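These notes concern the structure reproduced below.
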């Protein structure tokens with residue numbers, strides 16, 4: 001029989017083989033006996049909690065071949081598989097990877113909730129990367145079920161016939177988890193894998209393709225579904241971080257309530273406009289903390305060329321991704337808070353275009369294209385929070401992308417409370433000092449406030465608190481006093 005005939009016969013056998021398993025769709029982030037990765041038939045034998053062996057017949061008649069303590073083998077059909085793990089199990093079977101299962105015998109079968117690679121019997125090493133299996137399982141559990149409805153027949157069929165022999169870990173990742181990626185990124189990855197492995201392109205092109213793949217595959221592309229957020233916890237965080245600002249807090253809580261109803265981010269981000277030092281950035285960080293999302297900052301005052309945001313073309317030897325793509329890469333996921341500082345300085349470019357125009361594509365949630373990556377990046381999970389000092393310098397198109405919140409300056413009474421109840425206690429705690437070691441008399445507090453009455457915000461007050469606390473610590477350590485009480489004259493002399 002020729003090799004061609006043998007392969008044709010094998011394919012026909014696989015086509016006619018019976019598929020033993022059904023699929024179930026899950027978005028659970030942790031596997032348990034109640035929410036397993038797969039379920040094995042245990043009607044003939046109750047399997048041990050920890051069982052070792054290999055997956056067999058991975059194309060359609062998928063099973064697991066157990067090895068007992070006496071070296072005998074037993075086989076059990078797979079009855080159900082979480083749709084996210086079908087390709088991973090198929091890959092494990094095709095490569096005869098030895099694994100250990102952790103599972104529990106339940107009424108409907110042996111529920112497997114953990115799979116680990118083990119080294120015995122001369123089995124194939126999983127991948128070029130150590131810990132690849134645990135990385136893959138973690139990524140799959142953090143992902144959503146494949147967007148397309150995959151039937152058992154489709155799941156059992158051979159995947160894409162890509163004959164790639166290098167870039168092994170990226171190739172293995174695509175084999176096992178490609179279905180969890182957004183469609184356009186999956187297609188992009190296939191093209192770049194082909195370039196990275198081609199001998200018909202220059203070494204420079206292969207290097208850029210591999211670098212781009214490494215960046216893209218290490219980002220967890222999450223769904224845009226957001227879990228409900230506790231409004232009371234959100235309010236506690238806001239009160240902890242911000243004094244007063246009731247209108248601002250109310251607007252943020254309204255946003256939280258909206259997320260809880262729709263389970264998606266609002267169509268518009270938040271633009272905070274107010275004098276310098278009024279806590280605009282602090283509000284942005286508090287929102288990121290409430291949303292439980294990583295955050296990144298874009299300082300528009302330092303960006304004067306759109307290419308800084310969009311990256312440079314791969315035709316250049318020193319090409320690299322832009323700041324926005326690097327932010328996704330550093331956060332490791334597609335859902336994050338973009339804190340855009342000094343939005344009012346985004347409209348000034350230096351002949352190569354306007355950085356503000358790039359921001360519009362990011363803010364529209366239609367997707368952002370990086371020149372280096374050469375791929376449209378989904379931005380549905382990005383929540384922008386911008387800050388600005390001067391409303392008049394922000395273009396109308398940019399302004400229309402935000403829900404605008406004006407941040408007024410603090411009154412003198414508010415500044416007194418912020419200094420005595422927030423700024424000074426925070427500094428003392430950081431210096432490991434007790435509050436009774438540094439006392440500010442009312443007249444001294446009035447002197448601090450009046451000294452900075454012509455400046456906006458509270459940044460100068462925070463610096464004054466730092467100066468006063470440091471002086472108190474110096475006197476305690478050098479002069480061996482138990483406490484320092486600051487009066488008006490002492491503050492005036494200290495702050496100069």
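The values are calculated or read from the model by the stated rules, or taken from the named source; none is laboratory data. Everything quoted here is computed from the prediction, not taken from an experiment. With ideal geometry, Cβ positions are generated from the backbone for all residues, glycine too; neighbour counts draw on all protein chains shown.
Here are the numbers for the structure shown:
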| read-out | value |
| --- | --- |
| Residues (modelled with pLDDT of 85 or more, surrounded by fewer than 23 Cβ atoms within 10 Å (Cβ to Cβ) and within 24 Å of residue 176 (Cβ to Cβ)) located in region 63-75 | 63, 65, 66, 75 |
| Region 386-404, residues that are surrounded by 18 or more Cβ atoms within 10 Å (Cβ to Cβ) and more than 13 Å from residue 342 (Cα to Cα) | 401, 402 |
| Matching residues in region 454-490 - criterion: being part of a loop (DSSP other than H, G, I, E, B), touching a helix residue (DSSP H, G or I) at 6+ places or on another chain (Cβ under 6 Å) and either crowded, with 16+ Cβ neighbours inside 10 Å or outside the structural domain of residue 424 (by TED's automatic domain parsing) (or both) | 458 |
| Tally of residues being in contact (Cβ under 8 Å) with a residue 60 or more places away in the chain, assigned to a helix (DSSP H, G or I) and in contact with a helix residue (DSSP H, G or I) (Cβ under 6 Å, 6 or more places away or on another chain) across region 213-263 | 1 |
| Out of 410, 383, sole residue that is closer than 21 Å to residue 252 by Cβ and part of a strand (DSSP E or B) | 383 |
| Test: residue in region 416-430 that is loosely packed, with under 14 Cβ neighbours inside 10 Å, assigned by TED's automatic domain parsing to the domain that holds residue 311 and farther than 30 Å from residue 192 by Cβ | no |
| Residues satisfying the stated conditions in region 66-91, i.e. under 15 Å from residue 22 (Cβ atoms) and assigned to a helix (DSSP H, G or I) | 83, 84, 85, 86, 89 |
| Residues (over 11 Å from residue 179 (Cβ atoms) and within 26 Å of the chain's Cα centre (by Cα)) located in region 76-88 | 82 |
| Condition met for residue 270 (closer than 25 Å to residue 227 by Cα and surrounded by 15 or more Cβ atoms within 10 Å (Cβ to Cβ)) | yes |
| Tally of residues being at pLDDT 90 or above and surrounded by 13 or more Cβ atoms within 10 Å (Cβ to Cβ) across region 222-236 | 4 |
| Residue list for region 92-117, filter: part of a helix (DSSP H, G or I) and within 11 Å of residue 133 (Cα to Cα) | 92 |
| Residue list for region 417-430, restricted to those being in contact with a helix residue (DSSP H, G or I) (Cβ under 6 Å, 6 or more places away or on another chain) and either part of a loop (DSSP other than H, G, I, E, B) or under 20 Å from residue 275 (Cβ atoms) (or both) | 419, 423 |
| Members of region 364-389 found to be out of contact with any strand residue (DSSP E or B) (no Cβ under 6 Å at 6 or more places or on another chain) and touching a residue at least 60 places away in the same chain (Cβ under 8 Å), listed by number | 365, 370, 371, 372, 373, 374, 375, 378, 380, 381, 389 |
